[in-house]
1. Could you tally the net charge around PHE146, taking each other residue with its Cβ under 11 Å from the Cβ of PHE146, Lys/Arg +1 and Asp/Glu -1?
2. Compare the Cα positions of ALA332, GLY369, LEU207 along the charge dipole of the chain (+1 at Cβ of Lys, Arg; -1 at Cβ of Asp, Glu; about the Cα centre) and return the one farthest towards the positive end.
3. To the nearest 20 Debye, how big is the dipole of segment 34-141 about its Cα centre, given +1 on the beta carbon of each Lys and Arg and -1 on that of each Asp and Glu?
4. Assigning unit charges at the beta carbon (Lys, Arg +1; Asp, Glu -1) and nothing else, what dipole magnitude in debye, to the nearest 20, does segment 273-335 show about its Cα centre?
5. Lysine pairs in segment 26-160 with Cα distance under 18 Å, only those 8 or more apart or on different chains: how many are there?
6. What's the angle, to the nearest 10 degrees (0 to 90), between helix 98-116's Cα axis and the longest principal axis of the chain?
7. Give the separation of the Cα centroids, segment 11-38 to segment 197-235, in Å.
8. Count the net charge of all other residues whose Cβ sits under 13 Å from the Cβ of GLY300, scoring Lys and Arg as +1 and Asp and Glu as -1.
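The values are calculated or read from the model by the stated rules, or taken from the named source; none is laboratory data. Computed from a predicted structure; not experimentally measured. Here the Cβ is made from the backbone with ideal geometry for all residues, glycine too, and neighbour counts use every protein chain on show. Calculation scope for accessible area: heavy atoms of the full protein, side chains included, ligands and nucleic acids excluded. Shrake-Rupley method; radii C 1.70, N 1.55, O 1.52, S 1.80 Å.
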Amino acid sequence: MQIDQAELFLVRLPFASPQVVHDQTSDYCDTVFLRLQAEGLSGWAEVAPGNFPFLTAESSQSVFELTRDFLLPRLLKTKSVSESKTFADLFAPIKGNRNAKGVVDMAWWDLQARMKDEPLWKTLGGTKRPVEVGLVFDRNEDQDAFFREMQRVTDDCFRRITLKFRPGWDVQVVAAVRAVVAPLLNVQVDAEGALDPEMHTDTLYRLEDFFLSMIEQPFAPSDFVVNAMTAETLHTPITLDESITSLLEANIAIDLKCCRYFAMKPGRVGGHTEAKKIAEAAMANEIDCYGAFDLQSPLGYRHMLAMAVAGGYTLPCDIYRWNEVFAETPVAPLESSVHSESVPLNDGSDAAEERLFQAVELWDEPGVGGLPDMAFLEKHTLEHQLFSND
């Protein structure tokens, strides 16, 4: 198969109200959309590493420029792309830039699914099931509003929340949340690599009192040894997120016993092809994964869910309340709803109880289950580039 045309968009998605993202308050998030066309069909993907290169070395602007100037010119010169591993050789001279490489890989997989007339999650090897989800909360200076949201989490039957964790929004907040939410709620904290092992080790040990389900990325992405030493002494499980950008880093984390979980994002690891390899390595070494999600449109979210189902992830994936975060979106959101499961009681009897949880139902349409609204993209696109083999 030869790619006939590639179309790249740098899009500014307006928030419905200002959002705190990576400790920065903003009215929008910049995101990159890519469309690959072949044989009359289109495959779409989206990545959004951030408005600024604060969390990783990439930003949405840099992804757009790298993809425009280096990746797509190489791709359009290629006579045949019959399998996804072609990209590894094609882009090998270009170091790093996993999100840029990932958006090409993900669009290719969506194109394959549409050619097979099946959902992307099926093309990737997944089985249809409800995907349990949990909410993510960042810093909120309005404490009353924050705790109203905590009560709303319980009322809506979510069983997992993630609290962003950083100096000034740390142990006291976790303690307060534990005091007001249901005791069975799984609470995890995400430090986004902001803790200094020389200064904040005691902070991590103080978190042991709150029975957290995990502590995500406590130290810098490259601090594998520090993470391993901490994981050995903490009862609370460690999760790695930004540390895992490829199978190589995943294997390092496995060999050093750095963590019990991986938080996975398809763009960050270079696309679905690499995500599948990491999932296989994780399962072989009894490491569980969950689908994590940076703010972007529901198009990117559908790719994340497809990755999670195909990878056999067992933990709840991230979700956002779409209509409260974005003023409008180019693809219809996948909303969660309340599901139930029967859980045996630990009393030696055959009795069980019904427990409620929030989950997303997967789609049946080909690919990611819809095409972006081109009028929306035209309205919100900052930069655009079209490549053609004609």
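1. Numbers: positive: ARG139, ARG148, ARG152; negative: ASP138, GLU141, ASP142, ASP144, GLU149.
Overall, the nearby charge balance is -2.
2. Projecting each Cα onto the dipole axis, the largest value belongs to GLY369.
3. That gives a dipole near 340 debye.
4. Here the size comes out at about 160 debye.
5. 5
6. 70 degrees
7. 30 Å
8. -2
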